[in-house]
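Worksheet: the structure to be examined is printed underneath.
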């Protein structure tokens, strides 16, 4: 049975290993995704309610993190990273994490989420190229992979450059 919950500090080591395992065969990685998560947890952009784990029968199978970012004067969320243990990939774990994250983000009042990710995967959730929503694409990043989703129908339009939490180094 799949369940989603907020991560707890005693999950950190398991999540660290999960992230390493999940990204071991990823196409675009730097091998530091687990270090990024550890750094983000200590930063001002961290939102404890939006660092979630998926459990299957008591085993942590996936993790997702949303952190505060800015586009112009608007506060938005950055989705990064989404990690699923290889044994649990293609079984709906990532989908459940993204959907639950969006649900919590809406309740917390966030209007947009930005992700740098695979265009066919994230488009299933309604993500579209961020430039179509007024977000400038960072140099060197393919526009089809820099995507956004509007969570609140009455959200202000976005205009400007994405400013990630300093821990991203972007």
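The values are calculated or read from the model by the stated rules, or taken from the named source; none is laboratory data. Since the structure is predicted, the reported quantities are computational estimates derived from the model, not experimental observations. With ideal geometry, Cβ positions are generated from the backbone for all residues, glycine too; neighbour counts draw on all protein chains shown.
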(request) Return the residue satisfying two criteria in turn: it lies in the range 136-155 and is surrounded by 13 or more Cβ atoms within 10 Å (Cβ to Cβ) and out of contact with any helix residue (DSSP H, G or I) (no Cβ under 9 Å at 6 or more places or on another chain), and of such residues it is nearest to residue 120 (Cα to Cα). (result) 141
(request) Kindly establish whether residue 110 is buried (at least 17 other Cβ atoms within 10 Å of the Cβ), at pLDDT 95 or above and part of a helix (DSSP H, G or I). (result) no
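Per-residue answers, yes or no, for (1) outside any loop (DSSP other than H, G, I, E, B); (2) under 21 Å from residue 22 (Cβ atoms); (3) touching a residue at least 12 places away in the same chain (Cβ under 8 Å):
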{"site": "99", "(1), (2), (3)": "yes, yes, yes"}
{"site": "114", "(1), (2), (3)": "yes, yes, yes"}
{"site": "139", "(1), (2), (3)": "no, no, no"}
{"site": "144", "(1), (2), (3)": "yes, no, yes"}
{"site": "148", "(1), (2), (3)": "yes, no, yes"}
{"site": "154", "(1), (2), (3)": "no, no, no"}
{"site": "158", "(1), (2), (3)": "no, no, yes"}
(message) Just to confirm my filter: which strands (runs of 3 or more DSSP E) fall fully inside the range 1-75 and include at least 2 residues that are buried (at least 18 other Cβ atoms within 10 Å of the Cβ), in contact with a strand residue (DSSP E or B) (Cβ under 8 Å, 6 or more places away or on another chain) and at pLDDT 95 or above?
(response) 46-56, 59-71
(message) Could you go through the range 70-86 and let me know if any residue there is out of contact with any helix residue (DSSP H, G or I) (no Cβ under 9 Å at 6 or more places or on another chain) and under 23 Å from residue 118 (Cβ atoms).
(response) yes
(request) State the number of residues belonging to the range 101-112 that are under 14 Å from the mean Cα position of the chain (by Cα) and touching a residue at least 24 places away in the same chain (Cβ under 8 Å). (result) 6
